[in-house]
Amino acid sequence: MTPPSSSTPPAAPPPRRPGWLPYPALSALLALAWLLLQQSAAPAQLITAGLLALILPGLLRHFIGPAARLHRPWEVLRFTAVVLWDIVVSNFTVARIVLDPAARPRPAWVPVPLDSRDPTVVTLLATVITTTPGTVSCVVDELAGEILVHALDCDDPPAMAAQIKQRYELPLRRIFEGVAA
């Protein structure tokens, strides 16, 4: 007796990337991290780093998914500088709020509508928001197409949403989607 066929086909595994190094950047990062952790470039450590770089990306391919394609790799440096600057400035702002007994922060929930549906862009945007002191991305609502951000001190939520879109989302879209400025 044959079992009844289901209406939904089984999920296909992610496509296998060809070659010995399916994710060359990840392989290089793994090898470098191993050597830095070992604080040695001895032959045994070089061999171990090479084996890790060859084997681990293949074992992780089902969890990694397709590699993101950079459309404007030169903008990564500019974007990194902006994020690092914002982290430094935000640290001072949060320190002032925390250390000043007269400070009266105005916490707010800020919905940030997304122009991108690209998972890499949305994930990196949420990460940058959370990394910047004073803000935390709490919910990524794919159906509504927005990220809900909690801000420690915000007197104008629409202006903050516009700033997040301009400083972070637009550059990420340029880098990963090739969107014009």
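For segment 125-139, filtered to residues that are in a strand (DSSP E or B) and more than 14 Å from the chain's Cα centre (by Cα), the residue that is nearest to residue 168 (Cα to Cα) is 135.
Residues in segment 78-113 that are surrounded by 15 or more Cβ atoms within 10 Å (Cβ to Cβ) and closer than 23 Å to residue 64 by Cβ: 79 only. Looking across 153, 141, one residue alone is surrounded by fewer than 21 Cβ atoms within 10 Å (Cβ to Cβ) and within 13 Å of residue 90 (Cβ to Cβ). It is 153. Flag: residue 87 matches the condition of being in the same structural domain as residue 124 (by TED's automatic domain parsing), in contact with a helix residue (DSSP H, G or I) (Cβ under 7 Å, 6 or more places away or on another chain) and in a helix (DSSP H, G or I).
Report whether or not residue 116 is surrounded by 12 or more Cβ atoms within 10 Å (Cβ to Cβ) and in a loop (DSSP other than H, G, I, E, B). Answer is yes for this residue. Of all residues in segment 118-177, those satisfying the criterion of being hydroxyl-bearing (Ser, Thr, Tyr) and closer than 17 Å to residue 68 by Cα are 120, 123, 127.
Table: residues versus (1) within 15 Å of the chain's Cα centre (by Cα); (2) within 25 Å of residue 73 (Cα to Cα).
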{"residue": "141", "(1), (2)": "no, no"}
{"residue": "144", "(1), (2)": "no, no"}
{"residue": "154", "(1), (2)": "no, no"}
{"residue": "157", "(1), (2)": "no, no"}
{"residue": "160", "(1), (2)": "no, no"}
{"residue": "171", "(1), (2)": "yes, yes"}
{"residue": "179", "(1), (2)": "no, yes"}
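The values are calculated or read from the model by the stated rules, or taken from the named source; none is laboratory data. Please read all numbers here as calculations on a predicted model, not as lab measurements. All Cβ positions, glycine included, derive from the backbone under ideal geometry; neighbour counts span all protein chains shown.
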